[in-house]
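Computed from the coordinates by the stated procedures, all read-outs in this text should not be read as laboratory data. Keep in mind the model is a prediction, meaning the values are calculated, not measured. Every residue, glycine among them, receives a Cβ derived from its backbone with ideal geometry; neighbour counts consider all protein chains shown.
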Amino acid sequence: MVFNHIEKIGNLTLYYVEDLGRMGVFLFRTVAGVFKRPFRFAALVRQVRLIGADSFPLIFFTAGFTGLVLGLQGYYTLRKFGSDGMLGSAVALTLLRELGPVLTALMVAGRAGSAMCAEIGIMRNTEQLDALECMAVDPFRYMISPKLLATLISVPLLTMIFNVVGIFGGYLAGVELLGVNPGAYFSGMELSVIGKDINLGIIKSVVFALLVVWICAGRGYFVHQIRNAGFGAEGVSRVTTQAVVLSSIAILVWDYILTAILL
């Protein structure tokens with residue numbers, strides 16, 4: 001009985017080590033595919049539209065209401081200390097450093113990452129990826145690397161849009177609804193926000209974009225090798241759920257790591 005438990009632990013350890021190795025090779029081949037010629041510019045533009053432009057409405061409304069909530073919460077918190085004039089500073093720093101890149105990446109993971117994982121998983125189950133390899137077409141250069149490059153372009157841009165919309169959402173809540181002085185709102189923001197705050201958010205957004213593509217595309221690519229995933233549509237659905245959960249957790253973990261390193 002004891003040896004059975006030891007065997008199970010050993011098998012699980014070997015599986016996770018092997019899975020980590022597969023994902024590492026997957027990341028290397030995906031990054032290498034970006035630099036292989038000929039470049040697939042049309043595919044890149046298509047992926048930027050699917051991942052970036054089509055995510056704009058979701059990002060816009062998420063940012064707007066996030067800014068509104070920050071304006072309300074920040075006002076009632078700062079008013080207790082007589083510092084409601086610093087509302088603009090509080091809203092801007094919170095969005096630029098944390099909420100902007102994190103919420104943008106989570107939204108992209110839920111919308112585009114899940115679609116990415118399902119698409120590649122279905123191609124794997126229907127042997128379309130095997131067909132590409134039989135025709136001497138590199139599946140990484142053909143379809144995965146453009147997704148990586150498009151996400152690395154789209155997520156930082158969406159993060160900047162999120163920050164701008166969120167700041168104006170905070171302005172609506174604080175200035176228009178609660179009567180904070182508009183000059184104090186923007187002057188406090190101007191005095192407190194520095195280049196380091198903006199750079200921190202951009203660095204986070206790039207790292208989060210890499211994590212989303214790596215995890216979501218990788219889970220779909222190895223859908224046939226994932227433990228307890230199942231077969232067919234059921235396997236793809238389970239792996240897609242797993243990919244979104246793992247990428248969301250990875251975003252939050254790396255948010256802490258990057259904050260601890262770069263602050």
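Okay, here's what the table says:
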{"read-out": "Relative contact order [Cα under 8 Å, 6+ residues apart], the chain, whole percent", "value": "32"}
{"read-out": "Neighbour cut-off at most 14 other Cβ (10 Å), DSSP loop, GluC sites (Glu not before Pro), segment 53-159", "value": "127"}
{"read-out": "Candidate values [x] 21.6; [y] 20.2; [z] 19.3, label of the one derived for Kirkwood radius over Cα pairs in Å", "value": "[y]"}
{"read-out": "Cα-based reach from residue 196 at 19 Å (exclusive), listing aspartates and glutamates while leaving out same-chain residues under 8 positions away", "value": "98, 255"}
{"read-out": "Cys residues of the chain counted as unpaired, since no other Cys beta-carbon is under 4.7 Å", "value": "134"}
{"read-out": "Peptides ranked, highest mean first, by Cβ atoms within 10 Å: ranges 47-58, 27-38", "value": "47-58, 27-38"}
{"read-out": "³J(HN,Hα), Karplus 6.51/-1.76/1.60, whole Hz, each residue of segment 130-143, x for Gly, Pro", "value": "5, 5, 4, 5, 5, 8, 6, 9, 6, x, 6, 5, 6, 9"}
